[in-house]
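Asks: My questions will all concern the structure given below.
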Amino acid sequence: IASPIKDVDDEIQQLLQTLPKEEGLISGSGMSLYLYQGFWRSARYLKPAISFQTHFQAFDSDVMVATFPKCGTTWLKALTFSILYRSQFARDVHPLLNFTPHQLVRFMEFDVYLNNPCPDLDNIFCVYKPRLFATHLPHASLPTSIKNSKCKIVYICRNPMDMFVSLWNFTGKLRDKTQDPPLSLDEAFDKFYRGVYSAGPFFEHVLGYWKASQENPNKILFLKYEDLKEDISSQLKHLAIFLGVPFTEDEQKHGVVEEIANICSLKELKEVEVNKKGFHVTGIPHTDFFRKGEVGDWSNYLTPSMVERLDKLIHEKLDNSGLTF
Ligand code: A3P
């Protein structure tokens, strides 16, 4: 009799044979992409994603950070953690000084469920309350209990041109480490344009959360990277209200909002020792999550014809949605 885990593995193997397959921006064993529920996912992370979908039971008090990769996940994790739990640690011993944002707010499908289809969630989420965790899963693929409960979702997206440039730089470093030949910007752009990269396509992911947030704004807060860059204080106040922990007058007077913005800034996080060394459980060096953090960096990379094609695609995908970049 096969063990339960072996059964799951066999089921996944069978499932993979039925799914469209392509190579994304990263290669290597287990990294080929499969189109599952309308989105590309590597074989390695398909099983944990399914475990998350089927095993996880949300609480009404839960908070989930949902993002598309390279849209500001690391930043939003740091900010949400700092706002939500600010009364649970002393101001001068902020956990971000000793842990990376990804260790404090763990990904479900890339971490919590990575090697365990039934993790002990009580134990994993025993330190801070309410539970706070993260995902790159699209809205349609979320565990039912997340959608049906009062669990709050904070989503962040970003101008797709900057997101693509960020992704190309990020995956370029990963290819370097695995001694894969570099992928030219042209080749990467072609895959991006067709939506073939981990968690892609971008537009469908963003629109899934955008529409859900329009229908239920008390459940899903939809943020943009560019808005946070432009006016972090008012975005943080807004986020705190959404999370049910608004900044008091006294906190505002004592600069707590600015303090959080500062400790979570790219400049500060880059200098924290733990973010300069070591690896995320996925094998990605912590340092690779921090690069330039600029709005409009795409103009240093994309050719006029790439910009023209992407502009057209953005219009095609987003016209009539009310969402603009
Ligand atoms: P760039 O590659 O454009 O610099 P994610 O966290 O979703 O992987 O997104 C990574 C992008 O967010 C990278 O963008 C990274 O530099 C930027 N980033 C990481 N931490 C940040 C922070 N604290 N503030 C602003 N941007 C941040």
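Asks: Looking only at the stretch 213-243, count every residue that is open to solvent by 60 Å² or more (accessible area, probe 1.4 Å), of a type outside the set (Lys, Arg), under 20 Å from the mean Cα position of the chain (by Cα) and within 14 Å of the ligand (Cβ to nearest atom) and tell me the total.
Replies: Going through the stretch 213-243 one residue at a time, the tally reaches 1.
Asks: Test SER166 against the criterion of being part of a helix (DSSP H, G or I) and either of a type in the set (Phe, Trp, Tyr) or in contact (Cβ under 8 Å) with a residue 12 or more places away in the chain (or both), and give yes or no.
Replies: yes
Asks: Taking the stated definitions as given, is SER82 more than 16 Å from the ligand (Cβ to nearest atom), hydroxyl-bearing (Ser, Thr, Tyr) and either in a helix (DSSP H, G or I) or out of contact with any Lys or Arg (no Cβ under 6 Å at 6 or more places or on another chain) (or both)?
Replies: Judged against the criteria, SER82 is not a match.
Asks: Going residue by residue through the stretch 101-114, is there one that turns out to be over 28 Å from TRP210 (Cβ atoms), outside any helix (DSSP H, G or I) and either within 16 Å of the ligand (Cβ to nearest atom) or open to solvent by 10 Å² or more (accessible area, probe 1.4 Å) (or both)?
Replies: yes
Asks: Next question. Is there a residue in the stretch 118-126 that is surrounded by 22 or more Cβ atoms within 10 Å (Cβ to Cβ) and within 30 Å of GLN14 (Cβ to Cβ)?
Replies: Scanning the stretch 118-126, I find no residue that is surrounded by 22 or more Cβ atoms within 10 Å (Cβ to Cβ) and within 30 Å of GLN14 (Cβ to Cβ), so the answer is no.
Here is a yes/no grid of residues against (1) part of a helix (DSSP H, G or I); (2) within 12 Å of the ligand (Cβ to nearest atom):
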{"residue": "LEU137", "(1), (2)": "no, no"}
{"residue": "LYS147", "(1), (2)": "yes, no"}
{"residue": "VAL154", "(1), (2)": "no, no"}
{"residue": "ASP162", "(1), (2)": "yes, yes"}
{"residue": "PHE170", "(1), (2)": "yes, yes"}
{"residue": "ASP180", "(1), (2)": "no, no"}
{"residue": "PHE192", "(1), (2)": "yes, no"}
{"residue": "ALA199", "(1), (2)": "no, yes"}
{"residue": "HIS205", "(1), (2)": "yes, no"}
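Asks: The conditions are (1) over 18 Å from LEU323 (Cα atoms); (2) in contact (Cβ under 8 Å) with a residue 24 or more places away in the chain; (3) touching a helix residue (DSSP H, G or I) at 6+ places or on another chain (Cβ under 9 Å), and ASP250 fails exactly one of them. Which is it?
Replies: With (1) over 18 Å from LEU323 (Cα atoms); (2) in contact (Cβ under 8 Å) with a residue 24 or more places away in the chain; (3) touching a helix residue (DSSP H, G or I) at 6+ places or on another chain (Cβ under 9 Å) applied to ASP250, the lone miss is (2).
Asks: For the stretch 244-278, how many residues are closer than 25 Å to VAL63 by Cα, away from the ligand (no atom under 16 Å from the Cβ) and surrounded by 12 or more Cβ atoms within 10 Å (Cβ to Cβ)?
Replies: Of the residues in the stretch 244-278, 6 are closer than 25 Å to VAL63 by Cα, away from the ligand (no atom under 16 Å from the Cβ) and surrounded by 12 or more Cβ atoms within 10 Å (Cβ to Cβ).
Asks: State yes or no: is LEU25 open to solvent by less than 30 Å² (accessible area, probe 1.4 Å) and part of a helix (DSSP H, G or I)?
Replies: When the stated conditions are applied, LEU25 does not pass them.
Asks: It is to be established whether one or more residues within the stretch 194-212 are closer than 29 Å to MET31 by Cβ, open to solvent by 70 Å² or more (accessible area, probe 1.4 Å), under 20 Å from the mean Cα position of the chain (by Cα) and modelled with pLDDT of 95 or more.
Replies: Yes: one or more hits.
Asks: Take ASP176 and decide whether it is in a helix (DSSP H, G or I) and over 22 Å from the mean Cα position of the chain (by Cα).
Replies: The answer is yes for ASP176.
The values are calculated or read from the model by the stated rules, or taken from the named source; none is laboratory data. Everything numeric in this text was worked out from a predicted model, so none of it was measured. Don't worry about glycine lacking a Cβ; one is built from the backbone with ideal geometry, like all the others, and counts go over all protein chains shown. Ligands, DNA and RNA are stripped out before the accessible areas are found, and what is left, the full protein with its side chains, is counted by its heavy atoms. Shrake-Rupley method; radii C 1.70, N 1.55, O 1.52, S 1.80 Å.
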